[in-house]
Amino acid sequence: MAQPPRYTKGQMAYHAGAAAEHSVLRHYQALGYRAVAERWKSAAGEIDLILQKDTQLVFVEVKHSRSFATAAARLSPRQVARIYASAEAFLATTSRGALSETRFDVALVDGQGRIEILENAIGLG
């Protein structure tokens with residue numbers, strides 16, 4: 001009998017992250033947002049979700065952990081810089097560019113799959 005494939009810790013984290021992103025996407029869609037891109041990649045890095053509602057673009061970083069506090073603690077200054085650089089690259093592909101109305105959210109997903117959205121959590125400072 002063939003044994004199931006062994007998943008490394010990294011593979012498990014990847015799949016848990018993908019599931020968290022999908023749950024967050026469904027949450028935003030229920031609020032009337034539409035997906036513009038998922039795991040959008042540029043030379044600067046990756047943005048988990050890019051959503052749009054009316055004329056506003058929302059860049060979402062999804063963090064998953066056992067608790068909301070632990071998930072929030074996983075957002076590093078280096079990641080924030082990557083998100084801004086990636087958003088800048090994305091905006092360069094749009095007709096309004098840097099004039100676009102934008103927001104940077106952090107979506108936290110805990111071990112039970114609950115979602116907490118922190119709107120404007122990543123601010124220019």
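Spin-label model, Thr93/Ala72: points 7 Å from Cα along the beta carbon direction are separated by 3.2 nm.
Straight-distance candidates among the aspartates and glutamates for linking to Lys63, with alpha-carbon spacing under 20 Å and chain neighbours fewer than 8 residues away dropped: Glu21, Glu38, Glu46, Asp48, Asp105, Asp110, Glu116, Glu119.
What whole-number value in Å² describes the accessible area per residue of the chain for a 1.4 Å probe?
Here the per-residue accessible area is 62 Å².
For the chain, what does the helix formula give at 222 nm: sum of -39500 (n - 2.57) over DSSP H segments with n ≥ 4, over the residue count, nearest 500 deg cm²/dmol?
-11000 deg cm²/dmol
To put it simply, the accessible area of the chain at a 1.4 Å probe is 54 percent carbon and sulfur.
For Thr55 and His15, a Förster radius of 35 Å and the Cβ-Cβ distance give a FRET efficiency of 0.55, rounded to the nearest 0.05. Overall, the anisotropy analysis places the chain in the prolate class: the square-rooted eigenvalues a ≥ b ≥ c of its C-alpha gyration tensor yield a/c not less than 1.5, with a/b exceeding b/c.
The values are calculated or read from the model by the stated rules, or taken from the named source; none is laboratory data. Please read all numbers here as calculations on a predicted model, not as lab measurements. Glycine gets a Cβ as well: all are built from the backbone with ideal geometry, and neighbour counts include every protein chain shown. Each accessible area value is taken on the protein alone, full model and side chains, heavy atoms only, with ligands, DNA and RNA left out. Shrake-Rupley method; radii C 1.70, N 1.55, O 1.52, S 1.80 Å.
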